[in-house]
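Following: one structure in structure tokens, then a few remarks.
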Amino acid sequence: CYITVQGPDLRLLRFNREFRERFNPKVGDYCYSAYKGRTEKCLHCSVEKTMQTGRPHCSEENVLLPDGTRAYWLVHTAPIFDDKGKAVAVIEMSIDISERRELEERLLRSELNYQAIFNNSASAVFVLDDDSLEIIDCNSTALVSYGWSRNDMIGRSFLDLFLPEDRERYDSLVKSFTVLNRVQHRDRYGKVI
């Protein structure tokens, strides 16, 4: 967590050890120069907003650091008032959330890969609620194979696809994740598949 105190001109008045060790600033440096390597203030400067409004602000920033690495910060700013109630400085706390952001991006890529496999499988694939066996999702192959629209398929009990005489038997087998081979289902039109 990097903590700075900045004056109205965006110059550093104080900073914590973590900020000093990471960015090697000097008191009086412009904040945007010290830890972002910029020559001018940031377009949406939270410190400036806090100075103008006298209110705290919070933002998430995507920053290219002077060493060329990208960082993501959660930034909180709060005013420091004089005895007349005028904002004379701002304390800024930046929390490095780069690792969390990287994990979010990896999760998104994984989700996209899952969706590609799910949607492009030549087999009908269903996602079911563990307890009720309600169909939560299914791929396009399932929709084509069974003849139902997505709206008609989602929310339906998976057991409804079995022949009526087989539903009770398959209820516990499906819930216990037993591999089921050569089961018979009925499509929308009653045809056994």
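The values are calculated or read from the model by the stated rules, or taken from the named source; none is laboratory data. All figures in this text were calculated on a predicted structure; none of them were measured in a lab. Positions of Cβ are backbone-derived with ideal geometry, glycine not excepted, and every protein chain shown enters the neighbour counts. In case anyone asks, the SASA skips ligands and DNA or RNA and just uses the protein heavy atoms, side chains included. Shrake-Rupley method; radii C 1.70, N 1.55, O 1.52, S 1.80 Å.
A few comments on the model shown:
- Each residue in segment 71-98 was checked for being buried (at least 18 other Cβ atoms within 10 Å of the Cβ) and of a type in the set (S, T, N, Q), and 2 of them qualify.
- Flag for residue 130 being open to solvent by 90 Å² or more (accessible area, probe 1.4 Å) and not in a helix (DSSP H, G or I): yes
- Restricting segment 28-57 to residues that are hydrophobic (A, V, I, L, M, F, W, C) and either open to solvent by 80 Å² or more (accessible area, probe 1.4 Å) or in a loop (DSSP other than H, G, I, E, B) (or both), the residue that is modelled with the highest pLDDT: 45
- Residue count for segment 73-82 satisfying the condition of being assigned to a strand (DSSP E or B) and either more than 17 Å from residue 4 (Cα to Cα) or of a type in the set (A, V, I, L, M, F, W, C) (or both): 6.
- Among the residues making up segment 67-118, a single one is within 30 Å of residue 138 (Cβ to Cβ), over 14 Å from the mean Cα position of the chain (by Cα) and of a type in the set (Ser, Thr, Tyr): 114.
- Any hit, segment 137-151, residues being small (Gly, Ala, Ser) and open to solvent by less than 40 Å² (accessible area, probe 1.4 Å): yes
- When residues in segment 33-49 are screened for being within 30 Å of residue 84 (Cβ to Cβ) and within 27 Å of the chain's Cα centre (by Cα), 6 of them pass.
- Residue 169 meets each of the listed conditions (1) of a type outside the set (Asp, Glu); (2) open to solvent by 50 Å² or more (accessible area, probe 1.4 Å); (3) touching a residue at least 40 places away in the same chain (Cβ under 8 Å) apart from (3).
- The selection criterion, being touching a strand residue (DSSP E or B) at 6+ places or on another chain (Cβ under 8 Å) and without any contact (Cβ under 8 Å) to a residue 40 or more places away in the chain, holds for residue 100.
- Residue within segment 158-166 that is open to solvent by less than 30 Å² (accessible area, probe 1.4 Å), among the charged types (D, E, K, R), out of contact with any helix residue (DSSP H, G or I) (no Cβ under 6 Å at 6 or more places or on another chain) and free of Cβ contacts under 8 Å to residues at least 60 places away in the same chain present: yes
- Hey, residue 65 in contact with a helix residue (DSSP H, G or I) (Cβ under 8 Å, 6 or more places away or on another chain) and modelled with pLDDT under 95 or not: yes
- Count - residues of segment 174-193 that are surrounded by 13 or more Cβ atoms within 10 Å (Cβ to Cβ) and either modelled with pLDDT under 90 or not in a loop (DSSP other than H, G, I, E, B) (or both): 5
- Tally, over segment 136-174, of residues that are over 14 Å from residue 187 (Cβ atoms) and under 30 Å from the mean Cα position of the chain (by Cα): 8
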